[in-house]
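Notes follow the structure.
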Amino acid sequence: MPGSSVQPAIAKTNNPNANYHAKTNKPAVCHGNQKTPKNVILMIGDGMGISQLGAYRYYKDDETKSGLDKLSFDQHLAGSQITISDDPVLNITDSGAAGAALATGVKTYNGAISVDKNKTPQQTVLEAYKQAGKSTGLVATSELTHATPASFAAHNESRKNENAIAEDMVRKIKVGKSYQPVVDVMYGGGVDFFQQKDKNGHVKLDLINKLKKDGFSYVTNTKQLLNDNKSSQSIGLFAPSAMAKDIDRDPAKEPSLTQMTDKAIEKLSKNKNGFFLMVEGSQPDWAGHANDLTGMMSEISAFDKAYQSALKYAQSDCNTLVIALADHATGGLSVGTGDKYEVHPKVVNNMKMTHEGLTQKLIADGADIESLINNNIQFKDLTAAERQAVVTAAQAKDEKKTLAAINKIVDVRANVAWGSRVHTGEEVHVYAYGPGREKFVGVQDNTQNAQNIFSFLKK
């Protein structure tokens with residue numbers, strides 16, 4: 001999977017162990033504040049449930065050694081959260097209701113963006129931290145107006161109203177005696193929502209220009225992001241809508257989740273009062289909806305790298321709490337299936353694109369189907385029947401059948417199965433490192449996440 005070339009952000013600190021940590025890659029021993037964090041980094045692996053992490057554990061494992069290797073998350077396991085929403089009909093959450101619960105501490109209906117069941121806006125932790133004089137940031141691999149990032153900085157009765165959500169995300173709120181942008185740093189996809197066009201393709205509302213007039217830098221590719229040192233406030237939009245999955249992205253055009261996370265921390269940490277940053281690995285969820293094992297491993301791997309980088313910052317800073325969790329699980333992934341006591345997710349290394357990404361290329365006008373299969377499905381034991389199933393579906397431009405044919409090739413060899421095309425209702429793991437970690441111990445409702453984060457602002 002593509003990795004980040006940028007070095008992890010290391011905080012300036014008086015901690016005597018920080019330099020040792022940076023040189024040896026071993027955890028620093030913090031002697032700073034152990035109760036109330038100055039900074040909070042909330043990392044959400046959308047759709048990254050317990051079974052998805054179980055498959056990832058097998059994927060990452062060194063099979064030359066007995067047992068299963070530990071993941072970077074393991075030593076920081078604090079507890080779990082229950083994800084049910086308060087929808088009048090549905091009893092499994094969507095990302096809108098889950099995001100609202102995590103951001104506001106209030107249960108709501110599916111599809112809501114940080115409004116309660118009466119459609120009344122509820123304060124988010126990001127807004128509260130901004131009003132407390134801290135800097136705020138959002139990072140996502142979806143469009144920034146998508147349900148989870150939107151839930152921290154906007155309020156709307158429907159997640160579908162992404163143009164209105166974009167306008168809300170660039171508004172100013174009262175901070176002391178002045179009005180300031182609610183979010184200081186935003187990185188992800190979604191140019192089309194921040195430069196809204198009329199039916200003739202002309203820009204009718206340019207929210208990017210509005211932010212630039214307020215002093216924000218604007219970056220659109222990886223080099224610009226890494227070289228951006230002009231302003232402590234920044235917006236980076238790297239795709240018209242969602243960004244590509246990590247294995248599919250062009251590293252020159254789209255930065256990794258780690259690179260965006262590191263740059264956000266670099267900018268936000270300039271505020272001596274502290275910061276709140278929400279980082280979403282948005283697309284384990286989308287891989288789950290597509291039953292795309294290659295995509296799932298790609299996106300959890302990218303999230304894992306970003307998580308490790310955030311941890312390194314926290315370990316050197318000693319005043320930063322890092323929380324990692326899922327908002328829900330997606331896809332009903334079975335880690336092993338049928339009558340065989342085995343699972344082999346490493347087979348996805350024979351895929352050079354995600355199943356979703358390859359499907360889009362295969363069904364495009366003028367696609368060289370044979371070359372795309374040869375270059376991206378590299379199983380030596382690929383059968384003529386398997387190959388023909390992909391070719392036939394692609395020639396018919398049948399997206400659903402093309403994706404299903406590719407999924408089958410991988411799933412049979414990995415010995416996995418999927419029980420759902422949507423979200424599933426099990427609880428999710430919560431990992432926490434840093435001051436305040438103890439508040440997340442045990443089995444909690446997902447609304448407790450926001451309540452815990454709000455509590456750090458209380459004198």
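List of remarks:
- Most to least packed among 419-426, 293-300, 155-162 [average Cβ atoms within 10 Å]: 293-300, 155-162, 419-426
- Stokes-Einstein D for region 346-414, Kirkwood Rh over Cα pairs, 25 °C, 0.890 mPa s (µm²/s): 210 µm²/s
- The distance between label points at Gln451 and Asp250 comes to 4.8 nm (points 7 Å beyond Cα on the Cα→Cβ vector).
- Partner lysines for Lys340 [C-alpha distance under 29 Å; skip if fewer than 8 residues away on the same chain]: Lys60, Lys65, Lys70, Lys352, Lys380, Lys400, Lys401, Lys408
- Computed label-point distance, nm, for sites Lys380 and Leu90 using a 7 Å Cα→Cβ extension: 4.5 nm
- In region 84-139, taking the dipole from charged Cβ atoms about the Cα centre, the farthest positive-side position among Val115, Ser85, Leu138 is held by Leu138.
- For region 162-227 versus region 35-60, the spacing of their alpha-carbon centroids is 28 Å.
- Charge tally in the Cβ shell below 9 Å around Ala98, where Lys, Arg are +1 and Asp, Glu are -1, Ala98 excluded: -3
- With the helix formula -39500 (n - 2.57) applied to DSSP H stretches of n ≥ 4, the chain reaches a computed 222 nm mean residue ellipticity of -10500 deg cm²/dmol.
- Between Thr392 and Lys174, the modelled labels are 6.7 nm apart [label points 7 Å from Cα along Cα→Cβ].
- Top positive-direction residue, dipole computed over the chain with Cβ charges, set Gln448, Leu372, His355: Gln448
- Positive-pole candidate from Gln52, Gln233, Leu293, dipole of the chain, charges at beta carbon: Gln233
- For region 41-63, the residues whose backbone nitrogen is under 19 Å from a point 7 Å from the Cα of Ser420, taken along Cα to Cβ, are 44-56.
- Fraction of beta bridges assigned by DSSP in the chain that are antiparallel (%, nearest 5): 40 percent
- Between region 305-384 and region 408-426, the alpha-carbon center distance in angstrom: 12 Å
- Relative exposure of Met169, Met43, judged by other C-beta atoms within 10 Å (fewest first): Met43, Met169
- Full extension of the segment from Lys340 to Lys223, taken as 0.36 nm per residue of separation minus the current Cα-Cα distance, would add 37.4 nm.
Only the coordinates and a few stated rules stand behind these numbers; no lab work does. Bear in mind that the values here come from a model prediction, so they are computed numbers and not experimental data. Cβ sites come from the backbone with ideal geometry, for glycine too, and all protein chains shown count toward neighbours.
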